[in-house]
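The values are calculated or read from the model by the stated rules, or taken from the named source; none is laboratory data. Please read all numbers here as calculations on a predicted model, not as lab measurements. Cβ sites come from the backbone with ideal geometry, for glycine too, and all protein chains shown count toward neighbours.
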Amino acid sequence: MNIAAWFFYLFSAMMIGAAFMVISARNPVHAVLFLILAFFNAAGLFLLLGAEFLAMILVVVYVGAVAVLFLFVVMMLDVDFTELKQGFLQYLPAGGLIGLVVLIEVAFVVGAWTIGPVSIANVTTPMPPGMTNTMALGRVLYTQYVYLFQAAGLILLTAMIGAIVLTLRHKAGVKRQNVAIQNARTPAEAVEVRKVASRQGI
Amino acid sequence: MSHLSAALAHCLPELILAAGVLVLVLLGAVRGKESDGLVTEIAAGLLGAAILVILLGGKTNAIVFDGAFINDGFGRFMKVLTLAGSLVTLVMSRDFLAAEKIDKFEFPILILLSTLGMLILISAAGLIALYLGLELMSLALYVLAAFHRDNIRASEAGLKYFVLGALSSGMLLYGASLLYGFAGTVSFAGIAETINGKASLGVVFGLVFLMVGLAFKMSAVPFHMWTPDVYEGAPTPVTAFFITAVKMAAVAITLRVILTAFPGIAPQWRQIVIFLSILSMVLGSFAAIGQANIKRLMAYSTIGHVGFALVGLAAGGEAGVAGVLAYMAIYLVMTLGTFAGILSMRVNGAGVENISDLSGLARTDGVMAFFFAMMMFSLAGVPPLAGFFAKWYVFNAAIQSGLYPLAVIGVLSSVVAAFYYLRVVKVMYFDEPAPAFDRPAPAPRIVLAVSGILVVFLFAYPGLFIDATMAAARSLF
């Protein structure tokens, strides 16, 4: 067994263990930290596949942004996770049974499955020679699939417009900051000097 | 670079809409409330420009953008229908939205985005483009259904459509992933090549799930549950948009997927199409009988009409597809006219939508009653009007391919359906007058009259567009 295989089993085992801890840890903060550990191991697996760019993006985006956001939410909101988890064991037998039935069905389907010859050829897609990861991804996203990429952008625009249309309400009487008026104020109109008599107040 | 510009030339209508939307969003955001009318006018202009580009532009067929986009006669035909549906709906909607105080500049923008999604959908030559087009179209539709956000029924319609639409998208994606797993390619031509006449389990699974997703968008039975509620709850112009433009795009992509990706396993998909078709025709005919609300009636009517159109697809072949195209073209004209009538149903400034509100319309507004009755006769398929030809083409195609039971069920259910269309006519002509409608806005009235003239004209001179449907159908084979 070569060293890459050792690392594969190391990363995979740690990832499965961390993923299991995410759902079983009592403390939600610990659960998020285990999630981050799982992300790091997934990044390691990507590295083994030769996909450095994806590995780095996974760390930057998921660990750097998403997981930190989770941590914030967990710490800011007072969610009683132990209460949410109650009944987990109670429903386990029924859920497990359904899961088992689905598993058997899937096994039946997969057993009778014939995979097209083209798919098998697609399983390993080698990197084009003389190209970095980033370049290959960029060529796929921005050249080969530019039409679909732009269409996806329009879908996001629609989602944004839709959210604004359905939720934005213009309230009357909201005080807005007007920097120009603020800067134009002079001490004469902003400050009033009064003589206060002793023991009188204003 | 010339490669890209050649590709862009093929999707000029899409480019016009996409660039126009971006400009209009900016215009609306900068100018605010007073830009409403201007945005609608520009949006209508853009839709008209897109139609002109398709009609006058190059007629060369090509697949560009690495197999994502196909420009062919079928696509151009369906795109013109879709754009015409959007354009007329948008023009008719102005007065209604203003009266309901929901005339925001986002309305035309969402219509444009949804139409753009439909164009992408109609031109999809692969599964990814199909999904992206479908989502772009649907996402804007969910928002449009709930556009009257302070109205509880509109909000319910939007939410219901959204939840069920997301479910159907999931089904469609599952089917697409199975197909990709089998074929190793997302392009329809590639899938057809891989299948090569062998109906293996994976392909049939994928086909079924894909059909479920598409049947949901067409609102074919048994995936129609959402249709009456959504069509009733949504603002009337939005319902008109759902029934006209959206139906065109949904039927177009169903034809394209089935005929270009699965030509080799016709027995498999024909079963599904016949099943959907019979159920839709029967349910559309019987369930509409008890309706009191005209929008709900039209919802069941559209379910039935999708069933009739699917008869042509089940028949297959060029004649069948040409029949579907002719059916959709005539259906577009009839429903636009009908909704022009429904949009004119306002009493004392408030919209009414019950069939009983039409009582005695012949005495209070004879012209409108005449044209509205014409639409009803045409929808029912009564001979001197275009609706008869629509049904004749698809049933004829079915008989030619030996699907006698399907044709018989179709004719019988269209007889049943005639009952509720004629009931509307009876209410208008023979019942005691209900309060007269307000003076209708000019746009719906013109649309109603033009549709009335067209349904007679298309009956008298069917040759004018039958050649076009035949040419369009040929490009799919």
Could you go through region B:67-76 and let me know if any residue there is assigned to a helix (DSSP H, G or I) and under 28 Å from B:Pro444 (Cβ atoms). no
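Whether any residue in region B:168-179 is out of contact with any strand residue (DSSP E or B) (no Cβ under 8 Å at 6 or more places or on another chain), more than 27 Å from A:Phe108 (Cα to Cα) and crowded, with 17+ Cβ neighbours inside 10 Å is what I want to check.
At the first step, the residues of region B:168-179 found to be out of contact with any strand residue (DSSP E or B) (no Cβ under 8 Å at 6 or more places or on another chain) are B:168-179.
Those still in the list that are more than 27 Å from A:Phe108 (Cα to Cα) too: none.
No: region B:168-179 contains no residue that is out of contact with any strand residue (DSSP E or B) (no Cβ under 8 Å at 6 or more places or on another chain), more than 27 Å from A:Phe108 (Cα to Cα) and crowded, with 17+ Cβ neighbours inside 10 Å.
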Against the condition in contact with a Phe, Trp or Tyr (Cβ under 9 Å, 6 or more places away or on another chain) and buried (at least 24 other Cβ atoms within 10 Å of the Cβ), how does B:Thr82 come out, does it pass? no
Could we say that B:Thr40 is of a type in the set (S, T, N, Q) and modelled with pLDDT under 95 here? yes
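What residue, of B:Ala386, B:Ala418, B:Ala373, is touching a Gly at 6+ places or on another chain (Cβ under 8 Å) and within 26 Å of B:Tyr461 (Cβ to Cβ)? Can you show your working first?
On the way: B:Ala386 fails: touching a Gly at 6+ places or on another chain (Cβ under 8 Å); B:Ala373 fails: touching a Gly at 6+ places or on another chain (Cβ under 8 Å).
Selected residue: B:Ala418, the only one of B:Ala386, B:Ala418, B:Ala373 that is touching a Gly at 6+ places or on another chain (Cβ under 8 Å) and within 26 Å of B:Tyr461 (Cβ to Cβ).
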Identity of the residue in region B:28-60, surrounded by 16 or more Cβ atoms within 10 Å (Cβ to Cβ), within 14 Å of chain A (Cβ to nearest Cβ) and of a type in the set (A, V, I, L, M), that ends up nearest to A:Tyr145 (Cα to Cα): B:Ala43
Unmet requirement for B:Val425, which otherwise passes all of (1) part of a helix (DSSP H, G or I); (2) of a type outside the set (Lys, Arg); (3) on the phi > 0 side of the Ramachandran plot: (3)
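Taking region B:352-371 as the region of interest, how many residues are in a helix (DSSP H, G or I) and farther than 23 Å from B:Glu100 by Cα? Steps first, please.
To start, the set of residues in region B:352-371 that are in a helix (DSSP H, G or I) comprises B:355-358, B:361-364, B:366-371.
If we keep only those that are farther than 23 Å from B:Glu100 by Cα as well, we get B:361-364, B:366-367, B:369-371.
Adding up the residues that qualify gives 9.
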Qualifying position, being free of Cβ contacts under 8 Å to residues at least 40 places away in the same chain and either under 23 Å from B:Arg76 (Cα atoms) or of a type in the set (Ser, Thr, Tyr) (or both), among B:Leu116, B:Leu110, B:Leu121: B:Leu110
Selected residue [in a helix (DSSP H, G or I) and at pLDDT 95 or above] from B:Leu55, B:Leu27, B:Leu47: B:Leu47
Per the list (1) surrounded by fewer than 23 Cβ atoms within 10 Å (Cβ to Cβ); (2) within 14 Å of chain A (Cβ to nearest Cβ), residue check on B:Leu110 breaks on (1)
Condition first: under 30 Å from B:Arg94 (Cβ atoms) and within 14 Å of another protein chain (Cβ to nearest Cβ). Can you find one or more residues in region B:182-204 that meet it? no
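Quick check: is even one residue across region B:236-257 over 21 Å from B:Thr82 (Cα atoms) and small (Gly, Ala, Ser)? Show your work before the answer.
As a first pass, look at region B:236-257 and keep what is over 21 Å from B:Thr82 (Cα atoms): none.
No, that holds for no residue.
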Would you mention how many residues in region B:182-195 are in a helix (DSSP H, G or I) and crowded, with 17+ Cβ neighbours inside 10 Å? 8
Hits in region B:372-390 (condition: buried (at least 23 other Cβ atoms within 10 Å of the Cβ), assigned to a helix (DSSP H, G or I) and not small (Gly, Ala, Ser)): B:Phe372, B:Met374, B:Met375, B:Met376, B:Leu379
All conditions in (1) within 22 Å of B:Phe339 (Cβ to Cβ); (2) within 14 Å of another protein chain (Cβ to nearest Cβ); (3) assigned to a helix (DSSP H, G or I) are true of B:Ile120 except (1)
Mind listing just one residue for me: the one in region B:196-221 that is at pLDDT below 90 and assigned to a loop (DSSP other than H, G, I, E, B) and, of those, nearest to the chain's Cα centre (by Cα)? B:Val221
Test of understanding: among B:Phe74, B:Phe69, which residue is under 28 Å from B:Ala322 (Cβ atoms), touching a strand residue (DSSP E or B) at 6+ places or on another chain (Cβ under 8 Å) and surrounded by 14 or more Cβ atoms within 10 Å (Cβ to Cβ)? B:Phe69
Extreme residue, nearest to the other protein chains (Cβ to nearest Cβ), among residues of region B:1-20 that are surrounded by fewer than 20 Cβ atoms within 10 Å (Cβ to Cβ) and of a type in the set (Gly, Ala, Ser): B:Ala7
What are the pairs with Cβ atoms under 6 angstrom where one residue, in region B:385-396, is without any contact (Cβ under 8 Å) to a residue 60 or more places away in the chain and of a type in the set (Phe, Trp, Tyr) and the other, located anywhere, is assigned to a helix (DSSP H, G or I) and surrounded by fewer than 23 Cβ atoms within 10 Å (Cβ to Cβ)? Sequence gap at least six, or different chains. none
Name the pairs: first residue in region A:163-175 and within 8 Å of chain B (Cβ to nearest Cβ), second residue surrounded by 11 or more Cβ atoms within 10 Å (Cβ to Cβ) and not in a loop (DSSP other than H, G, I, E, B), Cβ to Cβ under 6 Å, at least 6 apart or on different chains? A:Val165/B:Glu106; A:Val165/B:Val143
Those residues that are buried (at least 24 other Cβ atoms within 10 Å of the Cβ) and either within 14 Å of chain A (Cβ to nearest Cβ) or polar (S, T, N, Q) (or both), I need them from region B:85-104; list them, please. B:Ser86, B:Thr89, B:Ser93
Report the residue count in region B:219-275 for those that are buried (at least 23 other Cβ atoms within 10 Å of the Cβ) and basic (Lys, Arg). 2
Only one of B:Ser168, B:Ser155, B:Ser177 is within 25 Å of A:Ala159 (Cα to Cα) and modelled with pLDDT under 90. Can you tell me which? B:Ser177
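Quick grid of which residues meet (1) modelled with pLDDT under 80; (2) of a type in the set (Asp, Glu); (3) in a loop (DSSP other than H, G, I, E, B); (4) surrounded by 11 or more Cβ atoms within 10 Å (Cβ to Cβ):
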{"residue": "A:Ile115", "(1), (2), (3), (4)": "yes, no, yes, yes"}
{"residue": "A:Ile120", "(1), (2), (3), (4)": "yes, no, no, no"}
{"residue": "A:Met135", "(1), (2), (3), (4)": "no, no, no, yes"}
{"residue": "A:Ala163", "(1), (2), (3), (4)": "no, no, no, yes"}
{"residue": "A:Ala172", "(1), (2), (3), (4)": "yes, no, yes, no"}
{"residue": "A:Val196", "(1), (2), (3), (4)": "no, no, yes, no"}
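State the number of residues belonging to region B:131-168 that are within 12 Å of chain A (Cβ to nearest Cβ), of a type in the set (Ser, Thr, Tyr) and over 14 Å from B:Gly233 (Cβ atoms). Before you say what the answer is, go through the steps one by one.
So the first thing to find is which residues in region B:131-168 are within 12 Å of chain A (Cβ to nearest Cβ), and the list is B:131-150, B:154-155, B:158-159, B:162.
Adding the requirement that they be of a type in the set (Ser, Thr, Tyr) leaves B:131, B:138, B:142, B:155.
Now restrict to residues that are over 14 Å from B:Gly233 (Cβ atoms): B:131, B:138.
Going through region B:131-168 one residue at a time, the tally reaches 2.
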